[in-house]
Amino acid sequence: MKMLCLHTGALCWLGLGLLAAFSAEISAQGPVVTTAAVVDLEMAPVMWAPGTVVSRNDAKIAAEVSGRITWIAEAGAYLAVGDLIATIDPRPFELDLAQREAEIAQLQATLVYNNQQLQRLALLADQNSTSKTSLDEITAGRNVVQHQLTRAKVARDRTLYDLQRARVSAPSGGQWVERHQQAGEYASVGASLGRLVDIEHKEVRARAPIAVAPFVSDGQSLRVKQRDLVVLYPLRAIIPVGDELSRSLELRIPVDSEHLLVGAAVRVAVPSAALAQVLAVPRDALVIRREQTYVFRLVAGVAEQVMVSLGSAKDSYIAVYGELASGDRVVVRGAERLRNGQQVTVLKNL
């Protein structure tokens, strides 16, 4: 047992010795880093324009007839197209409809009587038993009743239409987010009952200076950013109408992310100049300090510090201006602790 322990101990000491020797070799060769190439890319400088997520269907629903509200949907309810939003007391319209129907029945009876009278007088006129004046009077009376009947039917149809509008339905699907009146209150024609917002079909509404108009076009992909979320979306429409104060135009960008809620503030990357060929490095290559920004270029296994200034960005790359050339290798992992002129070991080239 003692010999086994000694043997095991010898193996442990041997393993520790190999590990120490390996660490010493790595230390002699310098820190381990990962590199990537400086590349040529076509980029344009961008400005971040403020924007807001809005619904493409955001409506204040108004009453179309006057009356007492008997029921109205609770705020927060989800509604499909045609779902009931509110009902206005239908009793006055039902009573008016009954009156219109009675008027129509009376005029129809009068019209039947006048037609019968006209037929009798026409026979008598053929026999010269009545005057033409009497015949003309009956004919005129019959025509007046016909016109009255037409007006009465129009009035009835208008009452039916009002009765239908006493039931307020959703013109589009969405969420009933606000309720401006309560059951029991009196609604006037045009008075807002509440707000219906389509939360499925959204878009970003952003404003940018009129000067960027030559560099944007319908269908162009723009980056929309909210906190750490950055997504490319196509530009749906440019509304190139500014005013004397803002000197800005409006951009409309449809979005489909469930994380972008209606009313949320976002920023949109809008090109502010034409595309240009630039040198770019991965963002991870940048070492940013309070007073300067630099990268480490690898030359014959030695890290060389190169001061850079930053330009526009595209995906994971950012344009840099400094003493760099396309194809140079820069450190993207392990640069934070490097010193200028330090020997390094390349673990991986991206």
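Scoring residue 86 on the criteria (1) in contact with a Leu (Cβ under 6 Å, 6 or more places away or on another chain); (2) at pLDDT below 95; (3) small (Gly, Ala, Ser) leaves a single failure, condition (2). When restricted to residues that are under 13 Å from the mean Cα position of the chain (by Cα) and of a type in the set (Phe, Trp, Tyr), the stretch 205-243 contains 1. Set side by side, the residues 77, 49 differ, and just one is closer than 30 Å to residue 271 by Cα and under 44 Å from the mean Cα position of the chain (by Cα), which is 49. Any residue in the stretch 307-315 that is crowded, with 19+ Cβ neighbours inside 10 Å and under 23 Å from residue 40 (Cβ atoms)? Yes; the residues of the stretch 307-315 include at least one that is crowded, with 19+ Cβ neighbours inside 10 Å and under 23 Å from residue 40 (Cβ atoms).
For every residue, the table says whether it meets (1) within 27 Å of residue 230 (Cα to Cα); (2) β-branched (Val, Ile, Thr); (3) assigned to a strand (DSSP E or B).
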| position | (1), (2), (3) |
| --- | --- |
| 258 | yes, no, no |
| 263 | yes, no, no |
| 274 | yes, no, no |
| 281 | yes, yes, yes |
| 305 | no, no, yes |
| 330 | yes, yes, yes |
| 346 | no, yes, yes |
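In the stretch 99-132, of all residues being among the basic types (Lys, Arg) and modelled with pLDDT under 85, the one that is nearest to residue 159 (Cα to Cα) corresponds to 120.
The values are calculated or read from the model by the stated rules, or taken from the named source; none is laboratory data. Since the model is a prediction, treat every value here as computed from it, not as a measurement. Positions of Cβ are generated from backbone atoms using ideal geometry, with glycine treated the same way; all protein chains shown enter the neighbour counts.
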